[in-house]
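So the structure is just underneath, and the comments pick up after that.
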Amino acid sequence: MKNITRYLLGASLSLPALCWSQAFPAQPIHVYVPYSPGGTTDLMARVLQEPLQKLLGQPLVIENRPGASGVIAAHEVMRAKPDGYTLFFVNSGNLAVTPFVVKDAKYDGVKDFSPVALVSTAPLFVVVPASLPVTGLRDFIAYAKTHPVSYASAGIGSLGQLASELLANKAGIEMTHIPYKGQSMTTNAVISAEVQLLVTTASSTMNEFIASKKLRLLAVTSAEPSPLAPNVPTVASVIPGYVAETWFGLVGPAGMPADVVDRLNAAVNKAMSSPEVQQRFTSFGVVPKTASSQKLGEMTADDVARWAPVIRENRITTD
C-alpha cells in the first residue's frame, strides 16, 4: 500500500510539468538580440517574428540588448528560467569568441545555453585593393612573403581578426593587424590601400565595390563554394582545412526540456522553408540554413575548438 501511495504521489508531482510541457507555448516568447535595431541579426529576428507567431500561436517579443559584445544579453538569457519563453538570437561569435576575449564575460557558450535552432550561415569574403598586384589567394600569399602586409578588422576580437590570424598562421605569413571601428571603415581602408587585406562578411555594399572593381575578391572562407559567390574559390582550395564561417541561430538557457526545444526547432525550420523568408535572408548576405538542435550544439563546440587556440596564441583580448 505504501509503495502504491508513493507511486501515486510521484505521478501527481510530475503531472504539472508534463502538462506544462505539452501546452507549450502558453504565453509570449521573448527573444533577446545582442545588437541595436537595424543590424543583420536584428533584421533576421524580425523577419522570423511574424511566421513564428503564426506557427506557435503566441506573440514573439524582440528585446534589443546591445552592449559589451553581447555579454549583457547573454547574461539576461543565461539567468532566465529554462522554460522556452526566453531565447537568445546569436551569431557564432557570441558563444565561441566573446567568452574568451572579454575578460568579464563570465559565461560558457557551450555549457550555459541550450542550442535550439540554426537559421543561417555566412562565409567571409577575402578582399584586397584593386591596385594590389595579385589575382588570387596564392598570389597574395607569395606577395606577403616578400612585402610588408597589414589587414583591417572591425575591432579587437572580431571574427575578421580571428579569420585573418588563422589565415596568416596556416599560410606561414606575417600580417600587421589594424583595427577599425566598424565594417564601413575597414572597407574604406582596403579600397584606399591603407591595408592590403580584409576578411569580412558579405554585404550588398561589398558586392557593389567588387562589381565596380574597387576591390578584388580572392576567396570565400566557407568549407564549400558559397551561393553568395558561386564562382569564387574557397580558401580551403589553397589552404586545406581552412574554414572560418559564421552562423546565426537561437539558443536558450541551459536545461531546457527536450520537447520544448523540439517544438521550437520544428517551428523555426518550418518558418525558414518559406521562399519569402529565404529571399529576405539572402538579401542580408547570409545563406538560409536549418539544422537539428543537436547539430547546432556540435557547431558551437567546433567553433570553440577552432577559435579558442587562435585567441590564446595571439593574446587577443578587449581589455
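Every read-out reported here was derived from the displayed coordinates using simple, explicitly stated rules and does not represent laboratory data. What you see is a predicted model; the values in this text were computed from it and never measured. Because the Cβ atoms are built from the backbone with ideal geometry, glycine has one as well, and the counts that use them run over all protein chains shown.
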Original post:
Looking at P51, V287, T318, which one has the Cα that reaches farthest to the positive end of the dipole of the chain (charges on Cβ: Lys, Arg +1; Asp, Glu -1)?
Top reply: P51
Original post:
Dipole of the chain, Cα-centred, from +1 at each Lys and Arg C-beta and -1 at each Asp and Glu C-beta, to the nearest 20 debye?
Top reply: 240
**OP:** Return the long-range amide H neighbours of R65 (sequence gap of 5 or more, or a different chain), with a cut-off of under 5 Å between placed amide H atoms.
**Re:** V33, Y35
Original post:
Average projected area of the Cα convex hull of the chain, in nm²?
Top reply: 18.0
Original post:
Can you run phi through the Karplus equation (6.51, -1.76, 1.60; θ = phi - 60°) for region 63-78 and list ³J(HN,Hα) in whole Hz, with x for Gly and Pro?
Top reply: 10, 7, 10, x, x, 6, 6, x, 5, 4, 5, 4, 5, 5, 6, 4
Subject >> Phi to ³J(HN,Hα) by Karplus 6.51 cos²θ - 1.76 cosθ + 1.60 over region 295-305, Hz, x for Gly, Pro >> reply: 5, 4, x, 5, 5, 4, 4, 5, 5, 4, 5
**OP:** Mind putting a number on the dipole of region 124-237 about its Cα centre? Charges go on the C-beta only, +1 for Lys and Arg and -1 for Asp and Glu, and I need it in Debye to the nearest 20.
**Re:** 120
Subject >> Helix-only CD estimate at 222 nm, as mean residue ellipticity for the chain, using -39500 (n - 2.57) per DSSP H run (n ≥ 4) >> reply: -13500 deg cm²/dmol
Subject >> Cleavage-rule hits (GluC sites (Glu not before Pro)) in region 162-213: DSSP loop, at most 13 neighbouring Cβ within 10 angstrom >> reply: E174
**OP:** With unit charges on the beta carbon (Lys/Arg positive, Asp/Glu negative), name the residue among A68, L132, L264 whose Cα is farthest towards the positive pole of the charge dipole of the chain.
**Re:** L264
**OP:** Decide, for region 124-237, between rounded, prolate and oblate: order the square roots of the alpha carbon gyration tensor eigenvalues as a ≥ b ≥ c, take rounded if a/c falls under 1.5, and otherwise choose prolate if a/b is larger than b/c, else oblate.
**Re:** rounded
**OP:** Enumerate the calculated ³J(HN,Hα) couplings along region 92-107 in order (Karplus 6.51 cos²θ - 1.76 cosθ + 1.60, θ = phi - 60°), each rounded to whole Hz, writing x wherever the residue is Gly or Pro.
**Re:** 4, x, 4, 9, 9, 10, 3, x, 9, 9, 9, 4, 9, 4, 6, 8
**OP:** Please arrange S226, S184, S92 by counting, for each residue, the other beta carbons lying within 10 Å of its beta carbon, fewest first.
**Re:** S184, S226, S92
Original post:
Nearest-5 percent of antiparallel DSSP beta bridges in region 124-237?
Top reply: 55
Original post:
Nearest-5 percent of antiparallel DSSP beta bridges in the chain?
Top reply: 60
Original post:
Can you give the extra length, in nm with one decimal, that the chain gains between V110 and R312 once fully stretched, where that is 0.36 nm per residue apart less the Cα-Cα distance?
Top reply: 70.9 nm
Subject >> Built amide H within the under 5 Å cut-off of F125, gap 5+ >> reply: T200, T201, A202
